[in-house]
Amino acid sequence: MSIRRLWSNPKAAGEVQVVTEELRNLYHKRLLPIEKHCSFHHFHSPAYQDADFDSRPMVLVMGQYSTGKTTFIRYLLEEDFPGSRVGPEPTTDCFTAVMHGRTEAIIPGNALTMDPRKPFRNLDPFGNAFLNRFQCVQMPNKLLEQISIIDTPGILTAAKRKLSRGYDLPAVLRWFAERVDRIILLFDAHKLEFSDELSRAFGALQGFEDKLRVVLNKADRVDSQQLMRVYGSLMWSLGKVFRTPEILRVFVGSLWAEPRLQCDHYQLIELEEEDLLGDLRNLPRNAALRKLNDLVKRARLVRAHAHIVSYLKQEMPTIFCKDSKKHNLIYELPVIFTRIQQQHQVPAGDFPDCTKMQEKLLSQDFSKFKTLKPGLMASLDKLLSSDIASLVPLLQQQQQEEELRRKSLPGVLDGGFLESFRPDQCRRDPFREPGRDEAERGQEWAVQRLKPKYDEIFYNLSPSGGKLSGSKVRQWMLSSLLPSSVLAQVWRLSDVDGDGMLDNEEFALAVHLIEGKLEGHWLPRELPSHLVPPSKRESGDQQ
């Protein structure tokens, strides 16, 4: 039995391309014309661009400063990304989109909004104050071929609340929340403080609770009794902010690749981490389904908005008393919502927030509004009643095929996540390729010098038939306190012959890799030739 890998094989981009292309066509044919007709973009979000349909799934990472946001991203990538900095003080002062690219590059915000291939063109209205604090980091990384990650500035505490960022942070967060596939909200188990800015940020996430995953980070730094109290306090505070019938799921973890502190709830942290990574690894497979869901939500909001604008236009006088009538209509907006619900059978949940709608209507000229066109409304109804419904069976069929493919390859297990570790390079000496002079003298096995010490550990674990089973090795590996995802990578590299067991050479290699990781080095994605055990080199060359 081998150690279970934590990331499922990502769905091929071609499998969802048909659905994504059809969604794009439906948006431009059915939805965009009525959005323009009823001035939807002046009240709500801008029009979708092609990049919004073509972009990879995005994960928004947010939280107060020093909760481990940047460290969590480094944990997923298994390497530093350009411009990243970690410290106990506020170190991240800008929004950073970490995306895939063939070479490392940093693209500033103003240039980024001009790129039609990136889904950020509609960020222009936030102005230079924001764009000067926005950048895109491109780098070659296997994980970034499947998802993109948005790092955010640390949310300020109560002591810093008087400082101004120069831009509307809640509005920016809401813009991203509408477009990302998952929102990771991190809290520090040591400093659970709800500041004014954090409360405003929560307000920006209203309506997107289905995308939200809350993580109580650094949980290995407190004992079990303290963790229980902090967890309860966090759940109580979240319940006051997010007034929903469902309780938000709060994960308990220590999201970094370094050894964890020994604690009574160590196994709980492992299980919670597997659940969170399992949720993230499904994002590429469910990308088309999320886009379909967001398009339906947008279409229902457009329908309600079109009825509101048309009603206000019809109620306005032609010449006299326009201003007084406008203010009366704004004041009576809650009653107008109820009338529209009854007359047109529009569900109450489809309407926008009444208070925010009233604020936006104050600056609008009602005489420029347009009444409904029956043809546009019929096209919108067709989108919601039949066009979208015809795509659902196709999505379900693709998901069933994916499940069958996974079940037909039991040896693969869940393994795509492990391929996201650093591809070719290593940061320091233990795993680097030997130099030319060393190669000319013949490649000595890098583990040979310490093998007698590793053999002593190997035989103390009572091998059977000269090999250790995966269950025995797993129990010993867990004593290193490294996260299970890192240990799974060690197992994959060490089980050179792929038989689910380790002989004495493979075990020595596993110990060597663990010791190198404990010293702070990156694990190689593929095993360098100088680390391949001597007895496995001939068979490895033949392959």
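Would you mind classifying segment 447-543 by shape? Square roots of the alpha carbon gyration tensor eigenvalues, ordered a ≥ b ≥ c; an a/c under 1.5 is rounded, otherwise it is prolate if a/b is larger than b/c and oblate if not.
It comes out rounded by the Cα gyration axes.
Carbon and sulfur together cover what percent of the accessible area of segment 232-278 at a 1.4 Å probe radius? Numbers along the way, then the final one.
Values: 1390 of 2440 Å².
The value for segment 232-278 is 57 percent carbon and sulfur by accessible area.
May I ask you to give the solvent-accessible area per residue for segment 169-276, in square angstrom, as obtained with a 1.4 angstrom probe? Don't jump to the answer; show the numbers that get you there.
Numbers: 4650 Å² over 108 residues.
For segment 169-276, the solvent-accessible area averages 43 Å² per residue.
Grab the beta carbon distance between residue 102 and residue 42, set R0 = 51 Å, and tell me the FRET efficiency rounded to 0.05.
Numbers: r = 39 Å, r/R0 = 0.77.
With R0 = 51 Å, the Cβ-Cβ based efficiency is 0.85.
Straight-line reach only, C-alpha to C-alpha below 20 angstrom: list the lysines that residue 313 could link to, leaving out same-chain residues fewer than 8 apart.
Qualifying lysines at Cα under 20 Å: 36, 322, 325, 326, 356, 360, 368, 370, 373.
Find how much the distance from residue 356 to residue 322 grows on full extension, using 0.36 nm per residue of separation minus their present alpha carbon separation; answer in nm with one decimal.
10.1 nm
Taking a cut-off of 21 Å between Cα atoms, list the lysines near residue 536, but don't count ones fewer than 8 places away on the same chain.
Within the straight-line limit of under 21 Å, residue 536 reaches these lysines: 451, 453, 467.
Just to confirm my numbers, what's the Cα centroid distance between segment 265-310 and segment 108-127 in Å?
23
Please list 445, 236, 476 in order of solvent-accessible area, largest first, computed with a 1.4 Å probe with all protein chains present.
236, 476, 445
For a quick protection proxy, order the peptides 74-83, 173-182 by their average other-Cβ count within 10 Å, most packed first.
173-182, 74-83
Highest first, please rank the peptides 290-297, 123-130 by the mean number of other Cβ atoms sitting within 10 Å of their residues.
Sorting 290-297, 123-130 by mean packing, highest first, produces 290-297, 123-130.
When the label point is put 7 Å from the Cα of residue 365 along its Cα-to-beta-carbon vector, which residues of segment 25-51 have a backbone N closer than 16 Å?
Under cut-off, by backbone N: 39, 42.
Please state the shape class of segment 209-312: rounded when a/c is under 1.5, otherwise prolate if a/b exceeds b/c and oblate if not, all from the C-alpha gyration tensor. Each step should come with its number before you reach the end.
Details: a/c = 4.65, a/b = 1.99, b/c = 2.34.
Because a/c hits 1.5 or more and a/b fails to exceed b/c, segment 209-312 counts as oblate.
Past the 32 Å Cα-Cα mark, which pairs from 69/118; 29/69; 218/472?
Exceeds cut-off: 29/69.
Where in segment 277-315 does the label zone of residue 244 land, with the point 7 angstrom along Cα→C-beta and an amide N cut-off under 19 Å?
Within reach of a label on residue 244: 277-283, 286-287, 289-301.
When ranked by the protection proxy of mean other Cβ atoms within 10 Å per residue, highest first, what sequence do the peptides 60-73, 207-220 form? Walk me through the intermediate numbers first.
On the way: 60-73: 23.0, 207-220: 19.3.
Ranked from most to least packed, the peptides come out as 60-73, 207-220.
The values are calculated or read from the model by the stated rules, or taken from the named source; none is laboratory data. In this text the structure is predicted, and so the values were computed from the model without any measurement. Reconstructed Cβ throughout: ideal geometry from the backbone, glycine too, with neighbour counts over all protein chains shown. What goes into the accessible areas is simple: the full protein's heavy atoms, side chains included, and nothing from ligands, DNA or RNA. Shrake-Rupley method; radii C 1.70, N 1.55, O 1.52, S 1.80 Å.
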